[in-house]
Structure formats: structure tokens, C-alpha cells
Amino acid sequence: MNTASQDGVRAARRRDRRVYTRSHPVLFGLLAATRRRPVARVGRAVLVHGSAPYRQALTRVPLDRTAAGTTGGAARELSAGGTLFDQEGAGHRGTRRAVAEDLGAAGVGRLRPVWQEVLTRRLAPLAAGQSVELVLVARELAGATVQALLGSTAAPEDIAEAAAHAAATAVRDHLPGPRPPGTARAAVAAAARLEALLAADLPGDGTESALRAMLAVAAVNTTVAALPRAAAWCADARLWEQAADDRLRPALVGELLRVTAPSPLLPRVAAADAELGGCPVRAGDRLLLVARHAVRAHSDPPDAHHPAPPAEARLVFGAGAHACPGARLARAQLADTLAALAPHRPTVLRARVDRGAALPGWRSLTIRATSRATSRATSRPFSPERP
């Protein structure tokens, strides 16, 4: 790696770090202070940083999927229950299979033209030398994908806004420490609004409405968090050559998802006594599974030429029965986004952190093509890789 690339990596890391330090500074400080130990106990909370104990926590430790302060607990409190995040046993496996079928190879192939149309239309101004607000592109892309996935007629922008608001209010209501009055009511109201938006023209009972809403929350918030951050990394660390290379792009996608870790922290609760990395875990202990540290996002920059081992990089999507069924969709969307942006070699003009979002990300990220790339892009249309 040459000096210029090292400078670029440092610039990219400084920028990306802001999404943590400006949105959740206290929590980020606690995680950073304990990350040198694979597993650290702070009172009744067990912070899991190491790759091996992180995987073990998801695959071998019984988890209480409905406990307060967990993803499943929040889902059950805010909806009719029965979502992918709070189910147990056969119900959980059955729902996972149904979701996995929708988001498998055939499902991604069906959805791909939807987000490709958004990319082609929304990124076209780059070729004319105009700036583009990439967060707005990511929101429409995510909303349109959810609209097609669920068969909804709600506007993509409305779906994205409602899903982002539902997630943000839920997080505010479940963060440790004092909360402003009314956060619980606001979270319930935001979840109900999203469910009503998605259920307005679709059959099904309350459980199905809750599942649709939770899928929308997961898809929208991870997409809006990941895509702009990945593009900023490419711009600052000068990774556009790798992004433009069809052979390197798949590896770069995995590396960028590893480094951005769209869901950097998984809150869980142990349902039985166990041991993680030599640290005793008692039933009822809160587990803070730090995906960002488990995949070494904080220390190892993205490099498509020397990617992290797949078993490690995939931990950003969980492990075992708790692996995210939307991983294939996330990789495909990021691959197409990089393919669409790479000919323009965009730089970041302005970036502002979203301090209220559920996941660390940008409230706005304005990009513009370099002058050299603009003329080249006008003669070469976007042609992403096919599934």
C-alpha cells in the first residue's frame, strides 16, 4: 500500500468514526474502552468483542428472545408478536425458511431490477457534473425494494420514512439510562403507523402485519446505514478502481460490509448459565455482542486484494440459526451500487451524521463525480453484474 493510499485510509477511518462518536458517544466510548478483552463484564452486562466468543454466543448460548432490551423484546412490545426476531423453536425456523425463500437467489433476481432502476435514475446527474445526495438515493432504493418484496402499493419514500422512524423511536426507548417522557408511547405509535401503512392493501392478521413491519425496519435501516458509508469509504480510501473491477468487486463488497458493520451491536439476554471466553455468564445477563469488533472493523481497513477470512467477515450477518436471511440481498444491492458509482469516481462534498437514527449512519452524504470520470461515464452506461 503506497503513502497516498495510507493517507486515504486514515481519512476514511476518521470520517466513518464520526457516525459512532456523534450519534452514541457514551456507548461507543464504553465499547472502545473494553475492546482489548475478548469478553468483558460490566455489572450484569457481558460485552463480547472477540470473534470466537461472538460466534459462540449466537450458536451455543441459549438466548431469551423476548427479554426487555433485546431486538426480539422490542419487536414483541411494539407489535402483535410472532415476528422473526422474537419467535422460538419451530415457529422461528418456519418464519426463517419463508423469509429465506423470498430473499434467496430467485427472490434477489426478481427484486434486482427494482433497485437498478432507482440507481440508474437517481445517479444520472453525476454524469453531468451535478451533485447527488446519496442518503436520499439509499432511502428510495430501500423503500422500493421493500415495496416490491411485500407487494405493497405504499410509496417507497413513505415506507422508508416510516421504517426509519419506527426503528429510531424503538432504540430511544430501549437505550440504557434515563429516557425522556413519552418515548414508549412514541415507539408504539411509530410501529403502529408502519404496520398500518404496509397492511392497508394486503390481507393477513396482526402477526403477518408485524412480520412485514419488522422486515421493512430491518431492510430499510441497514440499507440506509450501509450504502452511503460504503461509498464514503471508497471515495476517501480511493477504492474506486477495485469497485470498477468485476473480479474484485465481490470481495470489496464483503470487505465494505465487514468494515461498516451496519448492525454493529446486537443486544441479547442469556437464558441459561454459560461461559464465553473464560467469562462466566449467568441466566438473565445482558449480552452486548459487538459485531464491529468481532470482525475487526475498527482495526483492519477494507482490501479486496487481501480480504478477511469469509467465516469472520460473515459474522456481521450473525451466525448459525441467528444469521441474517437478508445477507444475499445486502451484498447484491451494495455490488450494484458500487458498479453504478465506480465510473464516476465520486468524492464526498459534505457529510452530516444522523444523530437520531437507529443505526450509525449519515443523515446526508453529498457526492460529485471527478471531472476526469464525468466525461468517461457519459459514454459508458451503468451495466451491473448479473446474479
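Couple of notes before you dig in:
- Surface/4 estimate of mean projected area, convex hull on alpha-carbon atoms of the range 213-313, nm²: 8.2
- Full extension of the chain between residue 283 and residue 185 gives 32.3 nm of extra length, using 0.36 nm per residue less the Cα-Cα distance.
- Note on residue 41 and residue 5: the model spin-label points, each 7 Å out from Cα along the C-beta direction, lie 4.4 nm apart.
- Taking label positions 7 Å along the Cα-Cβ direction at both residue 22 and residue 101, the computed distance is 4.5 nm, reported to one decimal.
- Per-residue Cβ neighbour rank within 10 angstrom, fewest leading, 273, 246: 246, 273
- Maximal additional length on extending the residue 349-residue 300 stretch stands at 15.1 nm, based on 0.36 nm per residue less the C-alpha distance.
- Potential extension, residue 311-residue 273 segment - 0.36 nm per residue separation minus Cα distance: 11.0 nm
Here, each number is a calculation from the coordinates, and none is a lab measurement. Not measured: the values here are computed from a predicted model. Quick reminder, even Gly has a Cβ in these numbers, built from the backbone with ideal geometry, and neighbours come from all protein chains shown.
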